[in-house]
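Data first, discussion second: the structure below is written as structure tokens.
The values are calculated or read from the model by the stated rules, or taken from the named source; none is laboratory data. What you see is a predicted model, and the numbers here were worked out from it, not measured in a lab. Here the Cβ positions follow ideal geometry from the backbone for every residue, glycine too, while neighbour counts run over all protein chains shown. Just the protein is used for accessible areas: all its heavy atoms, side chains included, with ligands, DNA and RNA removed. Shrake-Rupley method; radii C 1.70, N 1.55, O 1.52, S 1.80 Å.
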Amino acid sequence: MASSPEVPLAFRTAASLHPVRQALARQLIGAGKLTEAGAQRAERLATESGERFEVVLARLGLASERDIAEQLAALLALPLAGAADYPEVAVLAHKLSPQFLREAQVIPLADGPSAVALAMVDPLNDYGAEAARFASGKPILRHVAVPADFGAAFERLYGSGTSEIRRIVQDSRARPDEAASEDADRIRDSGSDAPIVRLVHLLITRAVEARASDIHIEPMDGDLRVRYRIDGVLHEVEAPPRSLAASVISRIKVMAKLNIAERRIAQDGRIRLAVRGKDVDFRVSIMPTIHGECAVLRILDRGHLTLDFATLGFDEPTIGIVRSLLQLPHGILLATGPTGSGKTTTLYAGLTELNTKDRKILTIEDPVEYQLPGINQVQVKPQIGLTFASALRGFLRQDPDIMMVGEIRDLETAQVAVQAALTGHLILSTVHTNDAPSTITRLLDMGVEDYLLTSTVSGVIAQRLVRSLCLHCRKPYTADPPLLERLQIDARAPITLYAPGGCVRCGGTGFQGRSSIVEVLTMNEALRHLVLARTETSALRQAAADAGMRSMHAHGMQKVVAGQTTVEEVLRATRSS
């Protein structure tokens, strides 16, 4: 009797994959990427739904897609396809249709003389591999694909037709903006419409994949504009049509548990989602404008949060100074810089180093951006009187060792912080000033007494963030001596600097990630005398420099010479300081 044809793995039931699921689960648990309870939960849901175990894991946020792909590749002894492994142009385009590649979730990486390299989201899918083998007439070398990398590569190689956003819009049943504005029930219905749900999820997923820190959704007079802030710079991306603006905002409100019927005032909320298998928090701000409500989603990706001074961009001498300030038994250590300069992350890094079992640490923040294990964190609620100052007073009755105040923005908070420091506590906080020396002047202008300031402030960390060059595509050039002289770079021989290039790894920008440039002012006797004499900021800056303080500009130029960033980036970040 002839044997029945083998059923493609993609169409088998979840139960038939039991041995593979168990092996992958053990691999993930052994690597610390999955818990026993999470594995049991995913296995149960996979069996009930018929979906692949890996898909359920990622959808529930129990393990990231990349971790799953890495462990699956190790389990099957197959290579992992990285973002840079995908070709610049489609391979075997005349033999494999985009529709087949999308359905089978495979992409040819290279057509070699003896075999075809194939990236596969499901490397166990014999159907996709066999079809590619038949079409190419060559053996298949399977590579495990990370779904996020696969999706980006597919869109780049085969997405010249209708984009995914346009396909979702074609499916949408949302009504025009004018009708939605008249009836809150219609907005509620359209915000729950399946295409709108998919559309908002796609905008969020793409932002996370692009390493964006913020998503800006802004209705204009004739269109809807969507921009991602990536490495501190806004980039406009494909947006839905203007007619869906109210529905998109409504969906975001529903996710953030905000009042979707209220369109006249600003609203703030939070969202927690599993994106590509990672738990990501979003801070949501809705603001009414003349063209409708705009939304900004701050992406708080805990998976990419780095609380290590060296990784943040601090060099060894600076780390030594900061650690010495953190080890003081009492006093005030301040971080300063504009919004988005990394002040809070720097303080979090300091708290992480101080967080031991013999210390009690309390923070008051607006808002709590990241939850730190072992630390008591409080969020301000001005509407009920829970302000920075009132919380700080309450903290003193909690027998703390270290306290962090999100920001010193008024005299009352500054005075309570000073009193706490005088009574033997270490206080960490932020202030909005241009550089370290001007922070002293700012506190004096607030009304803090000079003798109290000199007795409590131990140091000030001023910082900016500059974009880091992509090490895979940066372009070297020899700097002219006049340029080096103008930039105050001491060099007796020609120096090689670098300019941004552009490649797949960095999305064509030439930059990948950001790094801190820092100056640290430590209070000494000379500075204390100048503060008591109420001297100008310029004199404080000169005294700090004489005591060895390196400016942010000088730190930035060190990174330029080291090939980590560009001259333009440092000048952009420091020209106002």
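Quick check on residue 369: is it free of Cβ contacts under 8 Å to residues at least 40 places away in the same chain and either open to solvent by 20 Å² or more (accessible area, probe 1.4 Å) or touching a Pro at 6+ places or on another chain (Cβ under 9 Å) (or both)?
The answer is no for residue 369.
What number of residues in region 438-461 are open to solvent by less than 20 Å² (accessible area, probe 1.4 Å) and either out of contact with any helix residue (DSSP H, G or I) (no Cβ under 8 Å at 6 or more places or on another chain) or assigned to a loop (DSSP other than H, G, I, E, B) (or both)?
Summing the residues that are open to solvent by less than 20 Å² (accessible area, probe 1.4 Å) and either out of contact with any helix residue (DSSP H, G or I) (no Cβ under 8 Å at 6 or more places or on another chain) or assigned to a loop (DSSP other than H, G, I, E, B) (or both) in region 438-461 gives 2.
Report, by residue number, each residue of region 133-150 that is touching a residue at least 40 places away in the same chain (Cβ under 8 Å), out of contact with any helix residue (DSSP H, G or I) (no Cβ under 8 Å at 6 or more places or on another chain) and either open to solvent by less than 30 Å² (accessible area, probe 1.4 Å) or of a type in the set (D, E, K, R) (or both).
136, 150
If we scan region 108-120, do we find a residue that is open to solvent by 30 Å² or more (accessible area, probe 1.4 Å), under 15 Å from residue 72 (Cβ atoms), in contact with a helix residue (DSSP H, G or I) (Cβ under 7 Å, 6 or more places away or on another chain) and not acidic (Asp, Glu)?
no
Restricted to region 325-348, and to residues that are more than 21 Å from residue 421 (Cβ to Cβ) and in contact with a helix residue (DSSP H, G or I) (Cβ under 8 Å, 6 or more places away or on another chain), which residue is least open to solvent (accessible area, probe 1.4 Å)?
So the residue we want is 337.
Would you check if residue 169 is hydrophobic (A, V, I, L, M, F, W, C) and modelled with pLDDT of 85 or more?
For residue 169, the condition - hydrophobic (A, V, I, L, M, F, W, C) and modelled with pLDDT of 85 or more - is not met.
Having 3 or more residues that are open to solvent by less than 50 Å² (accessible area, probe 1.4 Å) and within 30 Å of residue 449 (Cβ to Cβ) is the bar; report the strands (runs of 3 or more DSSP E) wholly within region 467-577 that clear it.
511-522
Take residue 464 and decide whether it is closer than 24 Å to residue 332 by Cβ, without any contact (Cβ under 8 Å) to a residue 12 or more places away in the chain and surrounded by 14 or more Cβ atoms within 10 Å (Cβ to Cβ).
no
Which of the residues belonging to region 229-283 are assigned to a helix (DSSP H, G or I) and under 17 Å from residue 205 (Cβ atoms)?
Residues satisfying the conditions are 248, 251, 252, 255.
For region 249-266, enumerate the residues that are touching a Ser or Thr at 6+ places or on another chain (Cβ under 9 Å), under 27 Å from residue 211 (Cβ atoms) and either open to solvent by less than 50 Å² (accessible area, probe 1.4 Å) or of a type in the set (Lys, Arg) (or both).
Result: 251, single match.
Considering only region 354-362, I want to know if a residue exists there that is over 15 Å from the mean Cα position of the chain (by Cα), exposed (fewer than 15 other Cβ atoms within 10 Å of the Cβ) and under 18 Å from residue 519 (Cβ atoms).
no
Please identify the pairs in which a residue from region 210-234 that is over 27 Å from residue 500 (Cβ atoms) has its Cβ atom under 7 Å from the Cβ atom of a residue that is open to solvent by 40 Å² or more (accessible area, probe 1.4 Å) and outside any strand (DSSP E or B), counting only partners at least 6 apart or on another chain.
Listed pairs, sorted by first residue: 219/242; 219/291; 220/291; 221/291; 222/242; 223/242; 224/241; 224/242.
Against the conditions (1) buried (at least 18 other Cβ atoms within 10 Å of the Cβ); (2) not in a loop (DSSP other than H, G, I, E, B), where does residue 63 fall short? Just the number, please.
Looking at each condition in turn, residue 63 falls short on (2).
How about region 96-129: which of its residues are without any contact (Cβ under 8 Å) to a residue 24 or more places away in the chain, closer than 28 Å to residue 67 by Cβ and more than 32 Å from the chain's Cα centre (by Cα)?
110, 129
Which one is nearest to residue 395 (Cα to Cα), of the residues in region 412-437 that are assigned to a helix (DSSP H, G or I) and open to solvent by 20 Å² or more (accessible area, probe 1.4 Å)?
419
Of all the residues that make up region 191-248, how many are farther than 30 Å from residue 465 by Cα, buried (at least 19 other Cβ atoms within 10 Å of the Cβ) and charged (D, E, K, R)?
Total meeting the criteria: 1.
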